[in-house]
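Some notes on the structure that comes next.
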Amino acid sequence: MTVILIPVLLPLLVVLWFWSRLLFSGTWRHSPAWFTWSALLLLLGAGVTYLVGSLAGASLDPEEACHRAGETYDRAYRRAHFDEYTHWFPLHDKCHAGYDLVPAWVNPVFIALPVLALTCLAYAVGLTVVQRRTKKKGTS
């Protein structure tokens, strides 16, 4: 477990360090770097969200995972909907038609975080362009 946590937590701590320095100094509103670090943080969150969703009910035996969750296992339903479990997105691991082992929040959050990251990157690019234009006007 530690081998998995170190590659995830180390980049997270580095990103949080750079992100919080700009936040506490109060210069985040006019800093393209802050929005870039925010985008990286959001993308890291999207990766963790996908990992949580893909490992939900993590077991080699789906019947055992369903019983551990307190749900019945419908073998016929899983056979009929086998293609749902082979897709990368949206994440599903259903025990039967009414219960999914993947939490309901995983798929919407996995979409929202990259969209927010792209918004942050676009704003960072916009800030950079505006700052360069005002810098050129000031020197000429």
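Number of residues in the range 52-64 that are open to solvent by 60 Å² or more (accessible area, probe 1.4 Å) and without any contact (Cβ under 8 Å) to a residue 12 or more places away in the chain: the value is 5.
Condition check: touching a strand residue (DSSP E or B) at 6+ places or on another chain (Cβ under 9 Å), of a type in the set (A, V, I, L, M, F, W, C) and closer than 30 Å to W19 by Cβ. Does A33 satisfy that? Quick ask: steps written out before the conclusion?
Details: touching a strand residue (DSSP E or B) at 6+ places or on another chain (Cβ under 9 Å): no; of a type in the set (A, V, I, L, M, F, W, C): yes; closer than 30 Å to W19 by Cβ: yes.
No; evaluated as a whole, the condition is false for this residue.
Checked against (1) over 30 Å from R132 (Cα atoms); (2) part of a helix (DSSP H, G or I); (3) touching a Ser or Thr at 6+ places or on another chain (Cβ under 9 Å), L22 passes all but a single condition, namely (1).
Selection of the range 65-97 for residues being assigned to a loop (DSSP other than H, G, I, E, B) and open to solvent by 70 Å² or more (accessible area, probe 1.4 Å) yields T72, F82, H87, W88, F89, A97.
Condition check: modelled with pLDDT of 85 or more, within 19 Å of the chain's Cα centre (by Cα) and not in a helix (DSSP H, G or I). Does P103 satisfy that? Walk me through how you get there before you give the answer.
Details: modelled with pLDDT of 85 or more: yes; within 19 Å of the chain's Cα centre (by Cα): yes; not in a helix (DSSP H, G or I): yes.
Yes.
From the list W37, W19, the one residue that fits, being more than 16 Å from the chain's Cα centre (by Cα) and open to solvent by less than 90 Å² (accessible area, probe 1.4 Å), is W19.
Screening A58 with (1) part of a helix (DSSP H, G or I); (2) under 24 Å from I4 (Cα atoms) gives one miss only, at (1). As for the range 116-138, it holds no residue that is in a helix (DSSP H, G or I), among the basic types (K, R) and open to solvent by less than 40 Å² (accessible area, probe 1.4 Å).
The values are calculated or read from the model by the stated rules, or taken from the named source; none is laboratory data. As the structure is a prediction and not an experimental result, all values here were calculated from the model. All Cβ positions, glycine included, derive from the backbone under ideal geometry; neighbour counts span all protein chains shown. Just the protein is used for accessible areas: all its heavy atoms, side chains included, with ligands, DNA and RNA removed. Shrake-Rupley method; radii C 1.70, N 1.55, O 1.52, S 1.80 Å.
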